[in-house]
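Asker: Take this structure first; my questions come after.
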Amino acid sequence: MPDAALHPDGASPAPDGERLASVGPAFLVRFSALLRTARTYDVSNDAFRHQLQDFMTLLLRMLEDEDEVALAVVADYFYLNGVRLRAQASLLAVYHALMGEFERRELGGVRFLHGVSAAETERFLQLFMAAESPAMAERLPEATLEARIEHIVPVHAMDLDREDLVRALDAEHTPASERGRAKRVFWRAVLGTKKVVVRAAQTGRPDLRQAKRLVQPVVDSIMKNEYSIVGLTALKDHDEYTYAHCVNVSVLSVSMGQSLGLKRQTLADLGVAALLHDIGKVAVPGEVLRKPGKLDANEWTMIRRHPLEGVKMMFRMPGLNGLTLDSMRVCLEHHMNFDRTGYPDVAHAWGQAAMSRIVAVADVFDAMTAHRAYQKRPLSPFEALQSLLGPTRVQFDPAVLWALVKTVGLYPAGSVLHTASNHVVLAISPNPADPRRPHCRVLVRPDGTPVSESAEETWDPMPGAESVTRVLAPEELTVDTQELLAA
Ligand SMILES: [Fe+2]
Ligand SMILES: [Fe+2]
């Protein structure tokens, strides 16, 4: 049942693309919140009734202007009545969670037609929730018909005219396809890590098998020399940053390990150990972790216990093998520092394992560029790199610092650069062949005209004739780099 309204190319063009593009994010947020509440609460619960009401208000308002509201997901993008919705940095977690809901049910889209009611939506949600099991997923369109739900039509991914869609998308995004794949791997890892951490907090021990599954695709893309995923670690401005930090440290560590010549199996183990490096934080009270002001001595003691707490949790994992030992060591040693100035306090002769030295650098680089409540602004990735290579470099293994530069480049993703030809560009991912010439998105042309968001212009990578003349400070910027990185 290929459907014109679900067609991203707009076989039936949307009457007002701009209006849909602007209401789209709100629609996704409402829909996602509704699913989340439906999962947790009974339909009679107040929390659910509120969400349902909010969703219906928005949906009915949209139906005043549209023939129908058709939400489709194709190749990692949402389309609302054929209009592609841009991913806003702050909402990325919502987008990807919702995408996961569709994927698990092999759904390509849902159409809401005129006449849809709250009662009907409620019945549909019950079927939707039940369709999480694979056997039921396949039957969702049929089950919806059987339940006499006439104004909500789920469409199987298979029933969308995929070939057409993929062709249209390929034509539109050829240079970005690796980036598209990287985004999928990255966000799956973030949401998967959230599950691992939440589970570990409940059970008192991390699920190593699950962590391995999340890290595998990261190792695969880096082994294929696809580094877009390294660029994505520059995204900090979103709700799931706590979990993204674990993924960022894992991605950076694996990539650094590769440039240090580690073999695939070791990289896979390093990726898992890096993903779990902060798992002991689940034992630190949330108020302390999230405290906006300065910490007192007592609170610092609690924070500084997280490496030991992590090791204790890992002792509860079944079986003992190379990977569990590596993970314990990284957990224990990631704040120790190369010159033993960190914590926990150990004898000076203690040798920090190679993996721990890698994770320590990846951890500090990522943390320096993240928002912290007590700072006016985080360091830009370029400033963080400068600082790590400056006076604090004695805390880190010099070979590992070199691997960091090889991995993120001299101008890490997120840096805004002024070039010799008078272009202003945003670095979006590193170029391992030349750390001075990252892959970039052009922001301003030499004549001073800004490149509009829709007419995306990229350098893949920065041409050989170009060079960077200046790195702009965050204060000088008039664009939201986080939004552009997320796009
Ligand atoms: Fe830590
Ligand atoms: Fe950390």
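Asker: Please find, within region 279-314, the residue that is nearest to ligand 2 (Cβ to nearest atom) out of those that are hydrophobic (A, V, I, L, M, F, W, C) and in contact (Cβ under 8 Å) with a residue 60 or more places away in the chain. So that I can check it myself, show each step before the final result.
Answerer: To start, the set of residues in region 279-314 that are hydrophobic (A, V, I, L, M, F, W, C) comprises 279, 282-284, 288-289, 295, 297, 300, 302-303, 308, 311, 313-314.
Next, only the ones that are in contact (Cβ under 8 Å) with a residue 60 or more places away in the chain stay: 279, 282, 313-314.
Working: 279: 10, 282: 13, 313: 15, 314: 16 Å.
So, considering only residues that are hydrophobic (A, V, I, L, M, F, W, C) and in contact (Cβ under 8 Å) with a residue 60 or more places away in the chain, the one nearest to ligand 2 (Cβ to nearest atom) is 279.
Asker: If I filter region 269-285 for residues that are surrounded by fewer than 17 Cβ atoms within 10 Å (Cβ to Cβ), within 16 Å of ligand 1 (Cβ to nearest atom) and modelled with pLDDT under 95, do I get at least one hit? Before the answer, list the steps.
Answerer: Just the residues of region 269-285 that are surrounded by fewer than 17 Cβ atoms within 10 Å (Cβ to Cβ), to begin with: 285.
With the extra rule that they be within 16 Å of ligand 1 (Cβ to nearest atom), the set shrinks to 285.
If we keep only those that are modelled with pLDDT under 95 as well, we get 285.
Yes, region 269-285 contains a residue that is surrounded by fewer than 17 Cβ atoms within 10 Å (Cβ to Cβ), within 16 Å of ligand 1 (Cβ to nearest atom) and modelled with pLDDT under 95.
Asker: Let me spell it out: the conditions are (1) away from ligand 2 (no atom under 16 Å from the Cβ); (2) surrounded by fewer than 24 Cβ atoms within 10 Å (Cβ to Cβ), and residue 236 meets all of them except one. Which number is the exception?
Answerer: Looking at each condition in turn, residue 236 falls short on (1).
Asker: For the structure I just gave you, tell me whether residue 252 is surrounded by 24 or more Cβ atoms within 10 Å (Cβ to Cβ) and within 16 Å of ligand 1 (Cβ to nearest atom). Before you say what the answer is, go through the steps one by one.
Answerer: Numbers: surrounded by 24 or more Cβ atoms within 10 Å (Cβ to Cβ): yes; within 16 Å of ligand 1 (Cβ to nearest atom): yes.
Criteria met by residue 252.
Asker: Follow-up question, since we're still on this one. Out of curiosity, is residue 330 at pLDDT 95 or above, within 16 Å of ligand 1 (Cβ to nearest atom) and either within 26 Å of residue 439 (Cβ to Cβ) or not assigned by TED's automatic domain parsing to the domain that holds residue 278 (or both)?
Answerer: So residue 330 fails the test.
Asker: Continuing with the same structure: Could you please find all residues in region 400-417 being more than 21 Å from the chain's Cα centre (by Cα) and more than 15 Å from residue 470 (Cα to Cα)?
Answerer: Those that are more than 21 Å from the chain's Cα centre (by Cα) and more than 15 Å from residue 470 (Cα to Cα): 400, 401, 402, 403, 405, 406.
Asker: So, of the residues in region 223-233 that are crowded, with 24+ Cβ neighbours inside 10 Å and away from ligand 2 (no atom under 16 Å from the Cβ), which turns out to be nearest to residue 94 (Cα to Cα)?
Answerer: Here is the first cut: in region 223-233, the ones crowded, with 24+ Cβ neighbours inside 10 Å are 227, 229-233.
Add one more test, that the residue is away from ligand 2 (no atom under 16 Å from the Cβ), and what stays is 227, 229-232.
Values: 227: 24, 229: 19, 230: 21, 231: 20, 232: 17 Å.
Among those residues, the one meeting the criterion is 232.
Asker: In region 69-94, what count of residues is obtained for those that are closer than 16 Å to residue 31 by Cα and in contact with a strand residue (DSSP E or B) (Cβ under 7 Å, 6 or more places away or on another chain)?
Answerer: Final tally of qualifying residues: 11.
Asker: Checking residue 243 against (1) within 16 Å of ligand 2 (Cβ to nearest atom); (2) in contact (Cβ under 8 Å) with a residue 60 or more places away in the chain; (3) under 12 Å from the mean Cα position of the chain (by Cα), which test does it fail?
Answerer: Going through (1) within 16 Å of ligand 2 (Cβ to nearest atom); (2) in contact (Cβ under 8 Å) with a residue 60 or more places away in the chain; (3) under 12 Å from the mean Cα position of the chain (by Cα) one by one, residue 243 breaks only (2).
Asker: If residue 420 meets every condition in (1) under 23 Å from the mean Cα position of the chain (by Cα); (2) surrounded by fewer than 17 Cβ atoms within 10 Å (Cβ to Cβ); (3) not assigned by TED's automatic domain parsing to the domain that holds residue 287 apart from one, which number is that one?
Answerer: Unmet condition: (1).
Asker: Name the residue that is surrounded by the fewest Cβ atoms within 10 Å (Cβ to Cβ), counting only residues in region 188-206 that are under 21 Å from residue 104 (Cα atoms) and more than 16 Å from the chain's Cα centre (by Cα).
Answerer: 198
Asker: Ok, one more. Just for helices (runs of 4 or more DSSP H) wholly inside region 83-146: which have at least 2 residues that are closer than 24 Å to residue 67 by Cα? Break it down into steps so the answer makes sense when it comes.
Answerer: On the way: elements: 92-104, 118-130, 134-137, 140-146.
In region 83-146, the matching helices (runs of 4 or more DSSP H) lie at 92-104, 118-130, 140-146.
Asker: Mind listing just one residue for me: the one in region 37-65 that is charged (D, E, K, R) and in contact with a helix residue (DSSP H, G or I) (Cβ under 8 Å, 6 or more places away or on another chain) and, of those, surrounded by the fewest Cβ atoms within 10 Å (Cβ to Cβ)?
Answerer: Applying the first criterion (charged (D, E, K, R)) to region 37-65 yields 39, 42, 46, 49, 54, 61, 64-65.
Still in the list and also in contact with a helix residue (DSSP H, G or I) (Cβ under 8 Å, 6 or more places away or on another chain): 39, 42, 54, 65.
On the way: 39: 13, 42: 8, 54: 15, 65: 13.
Residue satisfying both the conditions and the ranking: 42.
The values are calculated or read from the model by the stated rules, or taken from the named source; none is laboratory data. What you see is a predicted model, and the numbers here were worked out from it, not measured in a lab. Please note: Cβ atoms are built from the backbone with ideal geometry, for glycine as well, and neighbour counts cover all protein chains shown.
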